[in-house]
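Engineer: I have a structure I would like to understand better, so I am pasting it below and will then ask my questions one at a time.
The values are calculated or read from the model by the stated rules, or taken from the named source; none is laboratory data. All values derive from a computational prediction rather than experimental measurement. In this analysis, Cβ positions are derived from the backbone assuming ideal geometry, glycine residues included, and neighbour counts consider all displayed protein chains. These accessible areas exclude ligands, DNA and RNA; they are computed on the full protein's heavy atoms, side chains included. Shrake-Rupley method; radii C 1.70, N 1.55, O 1.52, S 1.80 Å.
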Amino acid sequence: MTADRIADVWGTRTPMGPGAPWPQRVDQHLVDGLTDQDVDRWVQSACVLCSNGCGLDIAVRDDRMVGVRGRADDRVSHGRLGPKGLFGWQGQSRDRLLRPMVRRHGKLEETTWEDAMGVVVSRSRELLESRGPLSHAFYTSGQLMIEEYYTLAVIGKAGLGTPHMDGNTRLCTATAAAALKETFGTDGQPGSYTDLDHADAVFHYGHNVAETQTVLWARMLDRLEGSDPPRHVCVDPRRTAVAQRSDVHLAVRPGTNLALMNGLLREVIHRGWVDEEYVAAHTRGFDELVATVEPYTPSHVADICRVSARDLEAAAEIFGTSERIVSTVLQGFYQSHQATAASCQVNNLHLLRGMLGRPGAGILQMNGQPTAQNNRETGVDGDLSGFRNWENESHVRELAELWDVDPMKIPHWAPPTHAMQIMRYVEQGSIGLLWVAGTNPAVSLPDLERVRRILSSDSVLVVVNESFPNETTELADVVLPAALWGEKTGTFTNVDRTVHLSEQAVRPPGEARSDLDIWVDYARRMDLRDRSGRPIPRWETPEDAFDGWRDCSRGRPCDYSGMSYELLRGSPGIQWPCTEDAPTGTERIYTDHVFNTQDDYCETYGHDLLTGASTTPEQHRAARFDGRARLKAAEWTPAPDAPDEDYPLRLGTGRTVYHFHTRTKTGRAPELDAAAPEAWVEISPEDAEPLGVAEGDIVRVESRRGAIEVPARIAGVRPGAVFVPFHYGDVDKGDRPSRAANELTMSVWDPVSKQPAFKGGAVRVTRVRAGDGPAPAPPTTPSPEGA
């Protein structure tokens, strides 16, 4: 069964009709030769190889992980696992970092924890004394656990007082958070996965769910193959598996998402599909929205986006006439020009039709990583913990009292520092200690030549918590071996607010430690203390850290106060908010249609979507949102780095089904690596033919910033655009040309979310030579030529 799951990505269909429970289907993989009877114990956990967070059990034999099994009662997956969930864990047993390393005389040398932490603490103390807390920065991940994030948040904000904290969530979900905050006042997904079981229409905005969240797509496929299936609409320049199953595919020209969304809104308004009573009672800003979208007639949108006006009208009609609609949004919007503005228009469509807070009517501004939600909740992305507002003095005082520190210790005098700003400050020399954890910026950040130069600078001590040798550890000054999933205990929250407990199944290899242990060790060595002389943080174990987070979240939208390890142990997952009044969690939020826009409760007062200029507290009070959603809009503007005679094509980057991020785990899992061993570029037949490029030919893809050489796949991407998967780095490159997509991308970002615009830069393609056969792109989830 398991071998087939590489070819059969989504597994056997279990069709269901609207409102019916999703049938269970338990997927399992054990290493060759073992059966259930050979397993010593099964340990509760959940998958961390996409943002779905499917509940599973880890099989352990002789203190080794030997397999996984889906949890039949899990509310997210009902027992299913995708290819990465089934096979990806095997990568953890290969090529691990076992001991700390310190760079001396230009070379990383293995050493003791005492020596490595001594180097870090010595530099940290020297910088704090000479330059203060702004000399420190932390750049983390969307793959750690709540306990680790919250511990670092307290150390950074209450112990050190640095505003320079962000995660690689800036690259994938910053726009999800920003769009939710701009419209509803705070972060937090309004919808639930169960809404998909009831919906009669599903809209995918830049979300190739078939590859990014395979189990969620299996749920959608089961509705499509059951009775009374929902209609689907897909916005994506590639003819993906999702597009192929959609009733309307809007293959939008890269960089024009906002124009398309403005056109959809205009159609819904002009054709009388607005729930006027709902809009009047629960929103503010309708007249301004109408004025902004009015110029975007179907023909005007068709000209801008290069889509059919008739298709736009058809999509609008589905949205305007369906009774239960779910919208999902991901990187096709988040990593593109005018990201937040376009994503807010998804929220606006739902508000105009009152499509929130009931079964089948929901918005899922998706996350790109398994624990990205927790990075945002705890404030390791730079925001204040618990979705608090850094401009609200009462919110700062709440945290100061909780952490027992002076309010001025908590950085809140300026907007949080985002990842690209942190890199700029390192480049300029004001940050002298950069601590990276659980991420590989030497592959994942844009404009890699510049990133490598920054990370290898002599002016900064780069400390890296990592589990594998990779492109970033190659440049680090101190490398600390970190424990991975299954080797530590903690909790994490998926995109529909479901919290899972993941128990430690095996011991970490060598001298590896959890990130929680590493940061507590650092804090103790630094002797960080609160006003009462107690250590910061006050805990040392995962469960105590979770209890600390429960206290911090109490009374906020992401309220975990009713949860405990005891409740999570054996549960199918619990959705926050979970309180004394909602002890089993909350399936949907905003069921009363009162949103979090009150002046004293909101996480942000908002921004101008076109420029990013902040709304002041005074302006927010004057607008009297008072629990009503903010209908915000912006005009479309042309994207930067437009194609021209020299660089005539638009670049898109993204995921493939068999890999996760920079392949540190999945590239070491034999089945997954074999399924997609090398990078490629997708190009349309219309663009390939005049270039003399055939399937499998080696081509040079070049932007104004760099170049890569990869095989060409002649595929169903729209003419004028090309697509390169972003997973592949160059740690094993040797003398061959680079294959890393981010050699090509730009250092530009959205004005509100600060998320880099990986998609849309101009490139050119040149044939280098004939290849050895077809491109190594997987045949299972293609955007096939001419399909």
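Engineer: Which condition from (1) open to solvent by 10 Å² or more (accessible area, probe 1.4 Å); (2) assigned to a helix (DSSP H, G or I); (3) of a type in the set (A, V, I, L, M, F, W, C) is the one that Val274 breaks?
Structural biologist: (2)
Engineer: If you don't mind, another one. I'd like the full set of residues that are without any contact (Cβ under 8 Å) to a residue 40 or more places away in the chain and either among the small types (Gly, Ala, Ser) or farther than 26 Å from Ser336 by Cα (or both), limited to the stretch 245-271.
Structural biologist: If the condition is that a residue be without any contact (Cβ under 8 Å) to a residue 40 or more places away in the chain and either among the small types (Gly, Ala, Ser) or farther than 26 Å from Ser336 by Cα (or both), then His270 is the only one that fits.
Engineer: Tell me which residues, restricted to the stretch 233-259, are within 16 Å of Thr328 (Cβ to Cβ), over 23 Å from the mean Cα position of the chain (by Cα) and open to solvent by less than 30 Å² (accessible area, probe 1.4 Å).
Structural biologist: Ser246, Val248, Leu250
So that you can scan it fast, the table gives a plain yes or no per residue for (1) crowded, with 21+ Cβ neighbours inside 10 Å; (2) closer than 30 Å to Phe387 by Cα; (3) of a type in the set (S, T, N, Q):
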{"position": "Cys602", "(1), (2), (3)": "yes, yes, no"}
{"position": "Thr611", "(1), (2), (3)": "no, yes, yes"}
{"position": "Thr616", "(1), (2), (3)": "no, yes, yes"}
{"position": "Ala623", "(1), (2), (3)": "no, yes, no"}
{"position": "Asp641", "(1), (2), (3)": "yes, no, no"}
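Engineer: Got at least one residue in the stretch 525-536 being farther than 26 Å from Gly118 by Cα and at pLDDT 95 or above?
Structural biologist: yes
Engineer: What pairs come up if the first residue lies in the stretch 387-402 and is modelled with pLDDT under 95, the second is open to solvent by less than 40 Å² (accessible area, probe 1.4 Å) and not in a helix (DSSP H, G or I), and their beta carbons are under 6 Å apart, counting only those six or more places apart or on different chains?
Structural biologist: none
Engineer: Of the numbered conditions (1) more than 24 Å from the chain's Cα centre (by Cα); (2) over 25 Å from Gly161 (Cα atoms), Thr541 fails exactly one; give the number of that condition.
Structural biologist: (2)
Engineer: While we're looking at this one, here's another question. Might you let me know whether the stretch 389-403 holds any residue that is outside any loop (DSSP other than H, G, I, E, B), aromatic (Phe, Trp, Tyr) and closer than 25 Å to Met746 by Cα?
Structural biologist: No; the residues of the stretch 389-403 include none that is outside any loop (DSSP other than H, G, I, E, B), aromatic (Phe, Trp, Tyr) and closer than 25 Å to Met746 by Cα.
Engineer: Please verify whether Gly159 is buried (at least 24 other Cβ atoms within 10 Å of the Cβ), more than 24 Å from Leu49 (Cβ to Cβ) and in contact (Cβ under 8 Å) with a residue 12 or more places away in the chain, treating the condition exactly as stated. Write out each step before concluding.
Structural biologist: Numbers: buried (at least 24 other Cβ atoms within 10 Å of the Cβ): yes; more than 24 Å from Leu49 (Cβ to Cβ): yes; in contact (Cβ under 8 Å) with a residue 12 or more places away in the chain: yes.
It is true that Gly159 is buried (at least 24 other Cβ atoms within 10 Å of the Cβ), more than 24 Å from Leu49 (Cβ to Cβ) and in contact (Cβ under 8 Å) with a residue 12 or more places away in the chain.
Engineer: Identify all residues within the stretch 263-311 that are in contact with an Asp or Glu (Cβ under 7 Å, 6 or more places away or on another chain) and either of a type outside the set (Ser, Thr, Tyr) or on the phi > 0 side of the Ramachandran plot (or both); write none if there are none.
Structural biologist: Arg266, Glu267, Pro298
Engineer: Let me ask you something else. Is it true that Arg96 is more than 18 Å from Trp485 (Cβ to Cβ), of a type in the set (D, E, K, R) and modelled with pLDDT of 95 or more? Reasoning before the result, please.
Structural biologist: Working: more than 18 Å from Trp485 (Cβ to Cβ): no; of a type in the set (D, E, K, R): yes; modelled with pLDDT of 95 or more: yes.
The answer is no for Arg96.
Engineer: Take residues that are aromatic (Phe, Trp, Tyr) and within 23 Å of the chain's Cα centre (by Cα) and tell me which of the strands (runs of 3 or more DSSP E) falling wholly in the stretch 640-706 contain 3 or more. Let's see the steps before the verdict.
Structural biologist: Numbers: elements: 649-654, 681-683, 698-702.
Per the criteria, no element qualifies.
Engineer: In the stretch 68-120, which residue that is assigned to a helix (DSSP H, G or I) and of a type in the set (S, T, N, Q) is surrounded by the most Cβ atoms within 10 Å (Cβ to Cβ)?
Structural biologist: Of the residues in the stretch 68-120, the ones assigned to a helix (DSSP H, G or I) are 83-93, 113-120.
With of a type in the set (S, T, N, Q) added as a condition, the list becomes 90, 92-93.
Details: Gln90: 21, Gln92: 23, Ser93: 15.
Restricting to residues being assigned to a helix (DSSP H, G or I) and of a type in the set (S, T, N, Q), the top hit is Gln92.
Engineer: Going by the structure shown, is Asp195 in a helix (DSSP H, G or I) and closer than 15 Å to Arg358 by Cβ?
Structural biologist: yes
Engineer: Tell me the residue from Ser430, Ser459 that is in contact with a Gly (Cβ under 6 Å, 6 or more places away or on another chain), open to solvent by 20 Å² or more (accessible area, probe 1.4 Å), modelled with pLDDT of 95 or more and closer than 30 Å to Leu97 by Cβ, please.
Structural biologist: Answer to the check: Ser459.
Engineer: Same structure again: Is it the case that Ser385 is surrounded by fewer than 23 Cβ atoms within 10 Å (Cβ to Cβ) and not aliphatic (A, V, I, L, M)? Talk me through it step by step, then tell me what you get.
Structural biologist: On the way: surrounded by fewer than 23 Cβ atoms within 10 Å (Cβ to Cβ): no; not aliphatic (A, V, I, L, M): yes.
Judged against the criteria, Ser385 is not a match.
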